[in-house]
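Structure, as structure tokens:
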Amino acid sequence: MFDVTTTDLMDVVNGERDDNNKLSKFSVIVAIAKRARQLVENQDERILTDNPVTIAVDEFIDKEVNIVSNKG
């Protein structure tokens with residue numbers, strides 16, 4: 001179960017981005033899913049005690065992982 005709302009997550013992810021570079025909810029959810037898959041594929045030992053999606057969300061909230069946009 002998450003303690004974080006999508007609004008909270010969007011605020012963290014888009015915090016320092018200007019209006020032209022804000023990410024959509026879809027982009028953020030896809031990035032979280034990709035990160036969760038990376039954790040599973042790399043056999044991160046944290047997945048033994050926690051859900052990979054929970055770990056990925058926490059990493060984004062704690063700014064341990066960033067989303068890089070391909071927008072030019």
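Can you find a residue that is within 18 Å of residue 70 (Cα to Cα) and in contact (Cβ under 8 Å) with a residue 40 or more places away in the chain anywhere in segment 33-46?
As a first pass, look at segment 33-46 and keep what is within 18 Å of residue 70 (Cα to Cα): 33-35.
Those still in the list that are in contact (Cβ under 8 Å) with a residue 40 or more places away in the chain too: none.
So far as segment 33-46 goes, no, none of its residues is within 18 Å of residue 70 (Cα to Cα) and in contact (Cβ under 8 Å) with a residue 40 or more places away in the chain.
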Pairs, first farther than 14 Å from residue 68 by Cα in segment 10-32, second basic (Lys, Arg) and assigned to a helix (DSSP H, G or I), C-beta under 9 Å, six or more apart: 10/25
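FYI, it's all coordinate maths here, none of it is from the lab. Nothing here was measured: the structure is a model prediction, and the numbers come from that model. Note that we place each Cβ from the backbone using ideal geometry, even for glycine, and neighbour counts take in every protein chain shown.
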